[in-house]
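A quick write-up on the structure given underneath.
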Amino acid sequence: MRNKILILVTILALYSCQNKNDSKNIVKTIVQDTLSKTIGGTANLSDAPPRDDKAVDLIRKQLNVLLKKDIPAMTKEDRYFYYEEFDLNNDKKNEYFVGFSNSYFCGSGGCSGYILNNDGSVINHFTVTDFPIYVTTSSTEKFYDLLMKSGGLFHHIKMKNGKYPSNPSIEEKWKGDVPKETTKVLDINDKKYEKYSF
């Protein structure tokens, strides 16, 4: 009897060790898959955690100040924005890309939007831009360069004197394809972003 119990305990111990190794392998596989998809630009961020209410409130407050003169002319449907966070200068604080997709902010040349610092201050207001915006791996003045589409063409947007240029259509045209290493932000047309009122 004693031998049977000892054998049973040994089998259970070996089985539990085997499960731990499998768990480690599963975690390792998930981490490797996630990293490869992130690096390859194919990661699905639709399961990302919910938005930060503080960020939404900050952006909402700033838009009410920036668009104070425009608000009386807007309809209720015009007063919505989308946003996405991205650390443009590696300071461990996300900047906010803020975009719109309605007729008040969009025309035949593209849409308007903002890039805000983490404290809500304006880095720049941009016009005539089609979404998404691409963040490249190269940088100028410690901020990542951007690729913005305007008039069907990509333009290379670089920081100049602490600001990104507001009209991408007059900036240097990008030659070639969008590099795989870029990160899409404000992919309003292909992703389901939450819409916020202001």
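The values are calculated or read from the model by the stated rules, or taken from the named source; none is laboratory data. The structure displayed is predicted, hence computed values, not measured ones. Neighbour counts run over all protein chains shown; Cβ positions are idealised from the backbone, glycine included. The area values use the complete protein model at the heavy-atom level, side chains included, leaving out ligands, DNA and RNA. Shrake-Rupley method; radii C 1.70, N 1.55, O 1.52, S 1.80 Å.
Assorted remarks:
- Those residues of the stretch 140-185 which are under 18 Å from Asn117 (Cβ atoms), of a type in the set (Ser, Thr, Tyr) and within 17 Å of the chain's Cα centre (by Cα), in sequence order: Tyr144
- Test: residue in the stretch 81-96 that is within 23 Å of Val56 (Cβ to Cβ), in a loop (DSSP other than H, G, I, E, B) and at pLDDT below 95: no
- The one condition in (1) touching a Lys or Arg at 6+ places or on another chain (Cβ under 6 Å); (2) within 15 Å of Leu146 (Cα to Cα) that Ile123 fails to fulfil: (1)
- Search result, residues across the stretch 54-80 that are assigned to a loop (DSSP other than H, G, I, E, B) and acidic (Asp, Glu): Asp70
- Pair list, Cβ < 8 Å and 6+ apart or interchain, from the stretch 49-67 residues that are at pLDDT 95 or above to residues that are open to solvent by 70 Å² or more (accessible area, probe 1.4 Å): Leu58/Asp119; Leu66/His125
- Within the stretch 118-163, restricting attention to residues that are in a loop (DSSP other than H, G, I, E, B) and acidic (Asp, Glu), the residue that is farthest from Asp187 (Cα to Cα) is Glu141.
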